[in-house]
Amino acid sequence: MRLTCQEQLLPGDTLQEKWDAAQAFGYDGIELRGQGGHRIRERLPELHRARRDGVVMPTVCVEMLHFIGDFDAERRQDARENMRTMLSVIAELGGTAAMTPAAYGMFSRRLPPFEPPRDEAGDRAVLLDALGALGEHAQREGVRILLEPLNRYEDHMVNRLEQAVELAEATGFDSVGVVADSYHMNIEEADVQGALVAAAHRLHHVQVSDSNRLEPGAGHLDWTAFLAALANAGYTGDLAAECRLSGPAEQALPKAAATLRAAGAGGA
């Protein structure tokens, strides 16, 4: 399993400087962040220079205020179009996938008023509409669109891997997969190993942070058990650090990489 790190966590003013830091800290790649307004498309000259200089950028994680499951149709459409851009850009860079949650911070059934303004059938319809269209685009580009379950306090629609897998399969596209995030799984999955094994055929990316959303090793997750579960699921892809840091990046990120490697993560 290759270790990667999201770009905003790394010190440096350029991707080349961030890449130097990533390698020094024990990482094998950089996960990009795709901001709204099609910002990643505007970054293409920078990204191409970085690629020519050897920066490894296999994936992009969306960073927006609204997503494909938004209650508002215009915001859903904007999120969808931004994801199309991210898929095209990551394909142009020789990467593999762009990822998105259904929504973030829009509604939670665990907090008042408890009942969302759209029913479950409506949720499913808008998600399948978006994922189907994005899956078709991803297939043409030769990459994947990946759906990430979030915990119950951050999203009311897709909280567990099995839910994401069911939606991915319902699209009919092999280009639609799922992301496992150790932080959200810690909250939502009763059986982490079982969930990973059941999702193995659609599991194409893993993001890692500890129980408190800090870097691996700064909380109480059992990383040996988590990586063993991934191994049992046959997963050999990337582990991308998506977390907050307990201290300076120069201290926290090398410790996190060492924690993961000691627990069983391999190299590139």
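A short reminder: the numbers here are calculations on the coordinates, not readings from a lab. Quantities reported herein were computed from a predicted structural model and do not represent experimental measurements. Heads up, the Cβs are rebuilt from the backbone with ideal geometry, glycines too, and the neighbour counts pull from every protein chain shown.
Below are the figures for this structure:
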quantity	calculated
Sorted peptide list for 34-45, 246-257, 129-140, criterion being average Cβ within 10 angstrom, highest first	129-140, 246-257, 34-45
Label zone at residue 198, where the point sits 7 Å out along the Cα-to-Cβ direction: region 116-158 residues whose backbone N lies under 18 Å	147-152, 157-158
Cβ-based charge dipole, the chain, positive-most Cα from 142, 234, 67	142
HN-Hα J in Hz across region 30-46 - Karplus 6.51, -1.76, 1.60, θ = phi - 60°, x for Gly and Pro	10, 8, 6, 10, x, 7, x, x, 6, 4, 5, 5, 5, 7, 3, x, 4
Inter-part distance where region 1-40 and region 197-263 are each reduced to a Cα centre, Å	16
Amide H contacts under 5 Å for residue 244, placed H, 5+ residues apart	214, 215
Kirkwood Rh in Å, taken over all unlike Cα pairs in region 2-263	18.5
Sum of side-chain charges, residue 72 neighbourhood, beta-carbon under 12 Å (Lys, Arg +1; Asp, Glu -1)	0
Cα centre as origin, Lys/Arg/Asp/Glu Cβ charges: the chain dipole, Debye	380
